[in-house]
């Protein structure tokens, strides 16, 4: 998929390769970040590989070759992203296991500290979300994660083992925190999906592959994207499209345009927030700033309009 992307994204190919958000350096850092809480340990692994290269076994060399080949191949296209290097993570995991006892214990302690911050943040958000009620086991999961992290931080003999367990529990807690959106609250109803079969729907798009998410939400519909910055401008959207998604604060009622009709609705978690919204969430105003209500609106008076002049923002 990425083989043909050699055109300059900013200034010129060579400059973009060496500097900026699409540089080789950023590709290296973003590929390290694929390890999540264990990213610092992966950096430690690279240091050990350089320092102990004479003692490297044939099997380890083959794993490093696999990693290097993937990295070099994806250095060449002008669009460079760490997600393209996810296939190297199993090799890195094996190398981490081989060098487990040589990895710096302090980095495990830092990983636990970061996980603790995440769990506290998830507990704070969960407590202040008033859109749904979490089951009791969600709170026991958060409490258990805090206990494991505490043991790892204050018992050196348990630090490394606790890091692995806490890593699993942190991701499990994150999944549990957004689990309500995996149910009916975060999906369109079957009746809505049935109404939209074979029809073209315009959704807010801030990422090239965003339409893939909506294809899963409404299978059988023709998905098109408009710029995400217009997601709350219902009047502008109603002047263009006959079927479109619009977003509004969860606590306010959507002001419909004349002759428009709501076909379906769901809750959506926002991905990008400004400083004011982050401060508001820290003050406990979570629901209005972390989530939006997404409506599918029908504007039948646009049905005969030529939509070919509107560019698909996801393509």
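Note on the stretch 184-216: among residues that are buried (at least 19 other Cβ atoms within 10 Å of the Cβ) and in contact with a helix residue (DSSP H, G or I) (Cβ under 8 Å, 6 or more places away or on another chain), the one that is farthest from residue 246 (Cα to Cα) is 188.
Can you confirm whether residue 241 is touching a helix residue (DSSP H, G or I) at 6+ places or on another chain (Cβ under 9 Å), buried (at least 18 other Cβ atoms within 10 Å of the Cβ), touching a residue at least 60 places away in the same chain (Cβ under 8 Å) and part of a loop (DSSP other than H, G, I, E, B)? Taking the combined requirement at face value, the residue satisfies it. Checking 60, 55, 102 one by one, the residue that is free of Cβ contacts under 8 Å to residues at least 40 places away in the same chain, farther than 30 Å from residue 14 by Cα and either touching a strand residue (DSSP E or B) at 6+ places or on another chain (Cβ under 7 Å) or surrounded by fewer than 17 Cβ atoms within 10 Å (Cβ to Cβ) (or both) is 55 and no other.
Just so you know, in the stretch 280-301 the residues that are at pLDDT below 85 and outside any loop (DSSP other than H, G, I, E, B) include one that is surrounded by the most Cβ atoms within 10 Å (Cβ to Cβ), and it is 281.
Residue 262 meets the conditions (1) touching a strand residue (DSSP E or B) at 6+ places or on another chain (Cβ under 7 Å); (2) surrounded by 15 or more Cβ atoms within 10 Å (Cβ to Cβ) in every case but one. The failed one is (2). On the stretch given as the stretch 152-169, residues that are in contact with a helix residue (DSSP H, G or I) (Cβ under 6 Å, 6 or more places away or on another chain) and either modelled with pLDDT under 95 or closer than 17 Å to residue 106 by Cβ (or both) total 9.
The values are calculated or read from the model by the stated rules, or taken from the named source; none is laboratory data. Just so it is clear, the model here is predicted, and its values are computed rather than measured. As a convention, Cβ positions derive from the backbone with ideal geometry for all residues, glycine included, and neighbour counts pool all protein chains shown.
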